[in-house]
Amino acid sequence: MRKGISRFIREPRTIILIILVMISLAAISTLGIPQGLDLKGGSIIQIQLEKPVDPATMNTITSVLDKRLNIFGVKDVKVRASGNQNVIIEIAGVKPEEVARIVGSPGKFEAKIDNKTVLTGADIVSVQSPIIRGNQWEVPFRISPDGAKRFAEAAEGKAGAPVDMYLDDRLITSPEISPDVAAGKPVTDVAITGAESTRESAELKAKEVETLLKSGSLPVKVKIVGVSSVSAELGGEFTKGAIIAGLIAIIAIIIILIARYRTPVLVLPIFFTTLAELILILGVAAIIRWNIDLAAIAGILAAIGTGVDDQIIITDEVLGEEKVKRRRRMFRIREAFFIIFASAGTLIAAMLPLAYVGFSRGATGIGMLAGFAFTTVLGVLIGVFITRPVYAKFMEYIIG
Amino acid sequence: MKIKLPESYKLLIIIPLIITISSLGILLSHGLEESVDLKGGSIAELTLEKRMDQTELKTIIQEKLKIKDVNVVSMKGNEATVQMGSDIQVDEFTRALEGTAKVKSYRSVGPILGKEAMKQIYWTVGFAFLFMSITVLITFRNLIPSLAVIMAAASDIIIALGGMSLFKIPLSLASIGAILMLIGYSVDTDILLTTRLLKQRKGKITERAIGAIKTGLTMSGSAIASMSALYIVTVFIIPEAEVLSNIAAVLIIGLSADILTTWLMNLGILRWYLEAKS
């Protein structure tokens, strides 16, 4: 037995496992485990475009949305394309209703004289910070010399006529054409003004207009088709619940194993192997910054579940026949690994389509379960290549 | 553990077959409920700011949002879950409930998105099953034993779907996750059985089968026990974590079905095959 232990500890696989577990523990404690939106609280907003677009247009759309959200002070925001007609926005710890409003507007700017468009969003060069006076607001912006010239031509001889400024086809303000401009002098500095009932709403409105002008317009109409948000408080409950569920699941498994094998000498190694798998999965997640969400937790449970199964297979193969010769035992462990690899193969095969959808489309539709597929595959790979072979060596040297 | 294998194993193959066919019957006659993810609509978890009963809350939401299709799914103390038939924007909903309740979580899915998700489900499940089958065929390179494994897996899936229909577990992204998991996971015991019977040379078929049964039942037992633990915890402690309780429930049904399909059907077919061969 003692000889077996020293051989087991000197086994390269064992040493590698111990090193990897230590690296994982270090990564988890320094980098932390990145949590998904449903655990730390946050929102996912799913947007559908009016029609499918080419990659270049999609790029414009995602960057406009990203810019808008950043201008609006939304931090921790991820905007990504999903296919050629959908965009997914993930935000941490912000109320989704504000985001929904700012994202939902196409941001199409038009200035019209006599119902003829003379300026569009494309003419805007820069936008200054809004000026608030009481409940009055003003957003000054600069237009290109080209646009100014066009504007002056259209305004010539029309002093006092209104310039209707539309944002998303909504009339925002109608300033009068000044005598200067009507005389044909191009002006590049203009402003949109308005009034709200309170100072607070004036500030909000000005910020909205500023954002829309700054970020430019979206080339196509967008529609919010799905919102999913979880408060931080509920997220915390999820985390707590998942940990309790995990602990009770482990206890349930231990009871079954003790009932079957009636010896802690076998149950303890299975417990430690399982623990090592859990640490390695979380370690990888910490290093590659893979968000652990509820679906990912389910995947971890699944991977660990197959891990326990595999260890039962190894145990039964080794204990199957009392006093077998060493060569025969090697053969049996090889057979156990045939079963283990085949089982791992079928599970990974079944998860591949889901992982594919998750990676290509992001967190929309069934892609919400990408975490499930990813952690299952990761856990199974870690299990069959790293932890379960060590368990087999343990069985071979110490129990067998 | 003493196990004796019955001689009339061919007859026993019928039991899982009957269960599979009746599951299919339940599935086709009752259909599956669809969750908000798939049929579209909105679902919200609320913390109520004042005491009220289900009808009061329902009326408030109906009046403020001017919609008819409102359903208070559950209410425990000041926690409530509300489901609405249409996809209401979260800002509208939060504003409507100001002073009544705080929104803890909110999900709205438009009908287009739901349809898209449904299409993805057919493809993902179809390909998962296909890839699993290919893996099994490559593993054993032997048609009849491979088909027996694939058939057992198909039965497990059908029984799980039948169970979902019977126990009113809605078809959702979460339960589909469980079905995918089941496709890959339920064949573990079948692979164990097939390997032990086809690859081991020592001992009689029945002896090898009994060894496999012992190992397989321990595997299924620990998996079902851990999923039951997960189910109980999520239902009683975090009812909001429907993702987890749905996955657990579907796996419990599927893995229980797997015990029958593996040891009555798959083992029966294999014994038949091996006896016919020798």
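Of all residues assigned to the range B:201-223, none qualifies as being within 8 Å of chain A (Cβ to nearest Cβ) and over 18 Å from residue A:316 (Cα atoms).
For the range A:246-256, filtering for residues that are more than 7 Å from chain B (Cβ to nearest Cβ) and touching a residue at least 24 places away in the same chain (Cβ under 8 Å) leaves 2.
Among residues of the range B:73-90 that are assigned by TED's automatic domain parsing to the domain that holds residue B:168, none has a beta-carbon under 8 Å from a residue that is crowded, with 20+ Cβ neighbours inside 10 Å and among the hydrophobic types (A, V, I, L, M, F, W, C) at least six positions away or on a different chain.
The set of residues in the range B:164-183 that are part of a helix (DSSP H, G or I), more than 8 Å from the chain's Cα centre (by Cα) and more than 23 Å from residue B:134 (Cα to Cα) comprises B:165, B:166, B:173, B:174.
For residue B:110, state whether it is away from chain A (no Cβ under 11 Å) and small (Gly, Ala, Ser). When the stated conditions are applied, residue B:110 does not pass them. Specify which of the listed residues (B:172, B:222, B:186, B:226) is farther than 30 Å from residue A:367 by Cβ, of a type in the set (Gly, Ala, Ser) and crowded, with 23+ Cβ neighbours inside 10 Å. Only one candidate passes the filter, namely B:222. When B:68, B:64 are checked against the criterion of being of a type in the set (D, E, K, R), touching a helix residue (DSSP H, G or I) at 6+ places or on another chain (Cβ under 6 Å) and farther than 24 Å from residue B:238 by Cβ, B:64 stands alone in meeting it. Scanning the range B:183-199 for residues that are more than 7 Å from chain A (Cβ to nearest Cβ) and over 11 Å from residue B:267 (Cβ atoms) yields B:186, B:198. Within the range B:73-82, can one find any residue that is at pLDDT 80 or above, closer than 21 Å to residue B:170 by Cβ and either buried (at least 20 other Cβ atoms within 10 Å of the Cβ) or facing chain A (nearest Cβ under 8 Å) (or both)? So far as the range B:73-82 goes, yes, one or more of its residues are at pLDDT 80 or above, closer than 21 Å to residue B:170 by Cβ and either buried (at least 20 other Cβ atoms within 10 Å of the Cβ) or facing chain A (nearest Cβ under 8 Å) (or both). The helices (runs of 4 or more DSSP H) found entirely in the range B:184-278 that carry 2 or more residues being farther than 20 Å from residue B:140 by Cβ, of a type outside the set (Asp, Glu) and without any contact (Cβ under 8 Å) to a residue 12 or more places away in the chain are B:205-236. Please determine, by comparing only the residues of the range A:7-37 that are part of a helix (DSSP H, G or I) and charged (D, E, K, R), which one is surrounded by the most Cβ atoms within 10 Å (Cβ to Cβ). That would be A:13. When residues in the range A:116-144 are screened for being assigned to a loop (DSSP other than H, G, I, E, B), over 18 Å from residue A:212 (Cα atoms) and either of a type outside the set (S, T, N, Q) or outside the structural domain of residue A:207 (by TED's automatic domain parsing) (or both), 1 of them pass.
Out of the range B:10-29, which residues are among the polar types (S, T, N, Q) and either touching a strand residue (DSSP E or B) at 6+ places or on another chain (Cβ under 8 Å) or buried (at least 19 other Cβ atoms within 10 Å of the Cβ) (or both)? Residues satisfying the conditions are B:20, B:23.
The condition of being in contact with an Asp or Glu (Cβ under 6 Å, 6 or more places away or on another chain) and closer than 30 Å to residue A:214 by Cα holds for only one of A:67, A:51, A:78, that being A:78.
The values are calculated or read from the model by the stated rules, or taken from the named source; none is laboratory data. These numbers come from a predicted model, not from an experiment. Note: ideal-geometry Cβ built from the backbone for every residue, glycine included; neighbour counts use all protein chains shown.
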